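Structure first, commentary second.
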Amino acid sequence: MIAAQPARSLGDLAAAFELAPAPGSPPGWQAVTVHGVRADNRRVTPGDLFAGHVGGHVHGARFAGAAVDAGAVAVLTDPAGLDLLGGPEQARGVPVLVAQDVPAVLGPLAAAVYGRPAETLRTFAVTGTNGKTTTAYMLEHALRALGRTTGLIGTVEVRVAGRGQPAALTTPQPADLQALLADMVGAGVQDLAMEVSSHALGLGRVDPVVFDVAGFTNLTQDHLDFHGTLEDYFAAKASLFTSARSRRGVVLVDDDWGRRLAQVCERERPGDVVTVSTTDADADWRAEPHDADWRAEPHDTDFRLVHRDGTTLRTSTGLPGRFNVANAALAAVMVLTSGVAPGDLEPALAAAGGLTPTVPGRMEELSTRPRVVVDFAHNPGALAQAVEALRPTTAGRLVLVFGATGSRDTAKRPEMAQVAVDGADRVIVTDDDPHDEPAEQIRAEVLAAARAHAPGADVREVADRAEAIRVAVLEADPADTVLVAGRGHETVQEISGVDHHLDDREEVRAALALRGGESAR
Ligand SMILES: CC(=O)N[C@H]1[C@@H](OP(=O)(O)OP(=O)(O)OC[C@H]2O[C@@H](n3ccc(=O)[nH]c3=O)[C@H](O)[C@@H]2O)O[C@H](CO)[C@@H](O)[C@@H]1O[C@H](C)C(=O)N[C@@H](C)C(=O)N[C@H](CCC(=O)O)C(=O)O
Ligand SMILES: Nc1ncnc2c1ncn2[C@@H]1O[C@H](COP(=O)(O)OP(=O)(O)OP(=O)(O)O)[C@@H](O)[C@H]1O
């Protein structure tokens, strides 16, 4: 880890964040300096402050001893954590500081320790139910095309100046985020494109970062197990567009929630937020097909962005579906909103082949005859878009392999089932990540909803996902499209707490090999 600024003394931190030393802290504790902050003992390196706070499963203070063994030089906890520690010996004699609400103080404290790294980066944040990952990749692609050194944070991976590693969460925990941003600054990153999930916004994970440009994709039903209602879910997303969290905003107003967000922003901070749309002629920026109409081609949609004042930028995306034009338009307008001139962005994108980054597991085409596509669609909105994107360019049947996740947001199951039978010619219902719920129960719910909605539909159950993929690929005619939806880039299927290796793309390739590998990409 490369710190962007010198380490901070505990005395300074205690004064700045109103932290009280626990009874029994060693004399001279104020002079102890910390080089980093971690809230997970497994991520502690020597010189860190370990923050042990309450969690959904366990109190982090239980891991204070292990954190000190790993090199932590101080512990931050709350009164409940202090009780758990019982005495200074549990913290192996290092200073213990107490805050009433550790999660509330963690981001700002970590930012201070790492030298407020976000302030030396140009920062772009994307939120919305669907399209965050794709838009963040498009942003990174555009920024690189402009010659910038970039960082990327999201569901699939974290990339620091081109070096990637798998991500644990879509949006990292507060201390991990600040450490990562400091790492990026140390590696010469200039621009950051990151996904900000609604969980992260609800839990204040990105605070105190004020993003230079925030972008909104769309909102459809998801994560209601966490947010309770769509209103609360919307409120969490909308908080990214307050001045506490972003300087400028770009809102895609193709759906009602986007239009509502734009209205709120216009009322609360007029002039700071611009709108973009592929459908609404009144948006500040309109994405229009380059030809008379949107072409239903499998590859490369040319489009132009036209501002109300007539300014025009022509570009393209090779990712299929109108929704990817929307993602590309959002990414391009976010870059323009950061201060890049259209006359600079247009040639840079043209030289980079348009807004066509490789996005792992997002509409990823693995063969052409039959066309087999792996996509991450795992909620009704995304599934509808993915099916709709492939339909016009499928000469034969559209075959859909999908399942629903267990243990969370069960209300989306019947909706996904309806989308499936409405949009596909053949549906194979299989397992997704059952988590702690019996897999057969999840499949039964999906199947019942599908059959109730469309009694005559071609709907089948194949429990094992690898087998379902094999069946779909082997039965497909060359003119068919097989869409394997729900897991995208994921390589681990969790069943009752046990992780099993399962990569849809590997299974598709294995099935294609059984066909003789024709047209595999
Ligand atoms: C709701 C939520 O955000 N949960 C996260 C939270 O879990 P938790 O509160 O249950 O933590 P806990 O296990 O009780 O542990 C308490 C504390 O002890 C620490 N600990 C725990 C165990 C240990 O051995 N050592 C240790 O130090 C933990 O780091 C934590 O600070 O802290 C954990 C450690 O960082 C995270 O792994 C966990 O994310 C879980 C896996 C999760 O599923 N999160 C999802 C809901 C999430 O955040 N998803 C969004 C994207 C959603 C989407 O758009 O699809 C995301 O941004 O990723
Ligand atoms: N703008 C969009 N509108 C609707 N659906 C989309 C859009 N962009 C992508 N999708 C669909 O949503 C799926 C997830 O896309 P992506 O990974 O880019 O979004 P995400 O917001 O990062 O999702 P998640 O938070 O679940 O990781 C894609 O596989 C695609 O099916």
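Please treat every number below as a calculation from the coordinates, not as lab data. Quick caveat, the model's predicted, so the values are computed rather than measured. Virtual Cβ from ideal backbone geometry, glycine too; neighbours counted across all protein chains shown.
The fewest-to-most ranking of W285, W29 by surrounding Cβ atoms within 10 Å reads W29, W285. Taking every DSSP helix (H) stretch of at least 4 residues in the chain, weighting each as -39,500 (n - 2.57) and dividing the sum by the residue count yields a mean residue ellipticity at 222 nm of -10000 deg cm²/dmol.
Applied to segment 147-155, the Karplus parametrisation 6.51 cos²θ - 1.76 cosθ + 1.60 on θ = phi - 60° returns per-residue 3J(HN,Hα) values of x, 7, 8, 10, x, 9, 10, x, 4 Hz, with x for Gly and Pro. Approximating the spin labels as points 7 Å out from Cα along Cα→Cβ, the D425-to-E157 distance works out to 3.6 nm.
Extension gain, T410 to D272, is 45.9 nm, computed as 0.36 nm per intervening residue step minus the present C-alpha separation. Treating the angle as unsigned and between 0 and 90°, give the value, to the nearest 10°, between the Cα long axis of helix 322-337 and the longest Cα principal axis of the chain. Helix 322-337 sits roughly 40 degrees off the main axis of the chain. Once both labels are positioned 7 Å from their Cα atoms along Cα-to-Cβ, the gap between V492 and S9 label points is 4.2 nm. By the equivalent-ellipsoid construction on the alpha carbon gyration tensor, the chain comes out with semi-axes of 42, 29, 20 Å, ordered largest to smallest.
Applying the Karplus relation 6.51 cos²θ - 1.76 cosθ + 1.60 with θ = phi - 60° to segment 266-277 yields 3J(HN,Hα) values of 4, 6, 7, 8, x, x, 8, 10, 10, 10, 9, 7 Hz, where x marks Gly and Pro. Counted residue by residue at 0.36 nm each, then reduced by the alpha carbon distance between them, the extension gain from T45 to T120 reaches 24.6 nm. In this simple spin-label model, placing a label point 7 Å from the Cα along the Cα-to-Cβ direction at both A351 and E461 gives a separation of 5.7 nm.
Between the amide H of R362 and any residue lying 5 or more places away or on another chain, no distance stays under 5 Å, with hydrogens modeled in the peptide plane. Could you give the angle, 0 to 90 degrees to the nearest 10, between helix 132-145's Cα long axis and the longest principal axis of the Cα atoms of the chain? Around 80 degrees separate the two axes.
Residue order for H57, H307, H501, H141, fewest other beta carbons within 10 angstrom first, comes to H57, H501, H307, H141.
Cα centroids of segment 23-98 and segment 454-518: 46 Å apart.
For segment 120-176 versus segment 376-426, the spacing of their alpha-carbon centroids is 27 Å. Length gained on full extension, A448 to Q100: 120.4 nm, using 0.36 nm per residue less the C-alpha separation.
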